């Protein structure tokens, strides 16, 4: 909105407004706007949630130390989502379809989380949507995004190839063209594309959700992941940087930098109130939305593989749950960890919550730096 008013409308006659054409400038101000919205609205939202008794229900089989957190205001993800959405609408070029895809992912996954949180509050226990219902809704959202991406692909606005770290001039195509040549296997040609997309988006959304078990843990890691994606989106959208780094250039990715910058600012603002001891929790409305948005941005800029490193801690947390469940079912009730996700395992063996959070943040930062270095190690 401001981009249109201050740059496209006023710049031709008022030359200082040229600065609004620079993505770096708009990203910085989007991040500051998001941070300001979160910091200003945070205390009001905490009070209102408390007045309406919208508090967290702690799982009974979780760590005993968490019982003291019961009743802490939850659904703070509404604040995160608004703080991302408003600056994006203000500072991004709203004619860019990639921006709208990212916004759709944020809102759609956030809506699933909102319904999940609402059902928990109504039942007054930590039981929201069933796993099957939640997965079905997330898969439907992912498939909808996939259909839009294929329509853009048909118009030359999206590439189904992806970047591979450490390897030059190798970009595997997610569409299996050999199957597309026959009418009998035509549908199967799209199968891997949709399967991969669902894996990335649903996996990332739920991985962030599983990580959101300690004060500030998930949102702090989101700051790191969104910051890394800010760099990647800018590089992908910049002709010279993309050529120099020998990655796929995605012309529409430039304004995704503003979306990612807004995510960084909103996450920092929310961390102010979510840091240990937390005054508010993000709830599923925040974790599912943020995770879905991170996955969507990675898909749009063709860095799906690097997302494994950028969100490395999220991946490890999700894998710990998968391994725990598999071990319990396949090994007659035997567990690998004392408790899952992994952060609860460390609590169970005596680590302090603040130490777990700090060490997971450090790990996430190292993995994100490693991901960025792979841009040149090719």
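The values are calculated or read from the model by the stated rules, or taken from the named source; none is laboratory data. Everything quoted here is computed from the prediction, not taken from an experiment. Please note: Cβ atoms are built from the backbone with ideal geometry, for glycine as well, and neighbour counts cover all protein chains shown.
Out of (1) within 22 Å of the chain's Cα centre (by Cα); (2) at pLDDT below 95; (3) more than 25 Å from residue 299 (Cα to Cα); (4) surrounded by 18 or more Cβ atoms within 10 Å (Cβ to Cβ), what's the single condition that is false for residue 93?
Residue 93 satisfies all of (1) within 22 Å of the chain's Cα centre (by Cα); (2) at pLDDT below 95; (3) more than 25 Å from residue 299 (Cα to Cα); (4) surrounded by 18 or more Cβ atoms within 10 Å (Cβ to Cβ) except (3).
I'd like to verify a number: residues in the stretch 1-40 that are assigned to a helix (DSSP H, G or I) and either modelled with pLDDT under 70 or within 11 Å of residue 266 (Cα to Cα) (or both), how many?
Selection size over the stretch 1-40: 21.
If you check 236, 218, which single one turns out to be under 13 Å from residue 314 (Cβ atoms) and modelled with pLDDT of 90 or more?
218
Taking the options 104, 114, 109, name whichever one is surrounded by fewer than 21 Cβ atoms within 10 Å (Cβ to Cβ), under 18 Å from residue 289 (Cβ atoms), touching a helix residue (DSSP H, G or I) at 6+ places or on another chain (Cβ under 8 Å) and at pLDDT 95 or above.
Unique residue meeting the criteria: 104.
Can you say whether residue 236 is under 12 Å from the mean Cα position of the chain (by Cα) and buried (at least 22 other Cβ atoms within 10 Å of the Cβ), as far as the supplied structure shows?
No: the conditions fail for residue 236.
Against the conditions (1) modelled with pLDDT of 95 or more; (2) outside any helix (DSSP H, G or I); (3) over 30 Å from residue 157 (Cα atoms), where does residue 365 fall short? Just the number, please.
The single condition residue 365 does not satisfy is (2).
Report the residue count in the stretch 324-368 for those that are within 30 Å of residue 167 (Cα to Cα) and free of Cβ contacts under 8 Å to residues at least 24 places away in the same chain.
2
Any idea which of 202, 231, 264, 250 is touching a helix residue (DSSP H, G or I) at 6+ places or on another chain (Cβ under 8 Å), buried (at least 21 other Cβ atoms within 10 Å of the Cβ), over 20 Å from residue 160 (Cβ atoms) and in contact (Cβ under 8 Å) with a residue 40 or more places away in the chain?
264
Being more than 30 Å from residue 20 (Cα to Cα) and outside any helix (DSSP H, G or I) is the filter here, so list the residues in the stretch 88-145 that pass it.
124, 125, 126, 127, 128, 129, 130
Going by the structure shown, is residue 358 buried (at least 17 other Cβ atoms within 10 Å of the Cβ), at pLDDT 95 or above and part of a helix (DSSP H, G or I)?
When the stated conditions are applied, residue 358 does not pass them.
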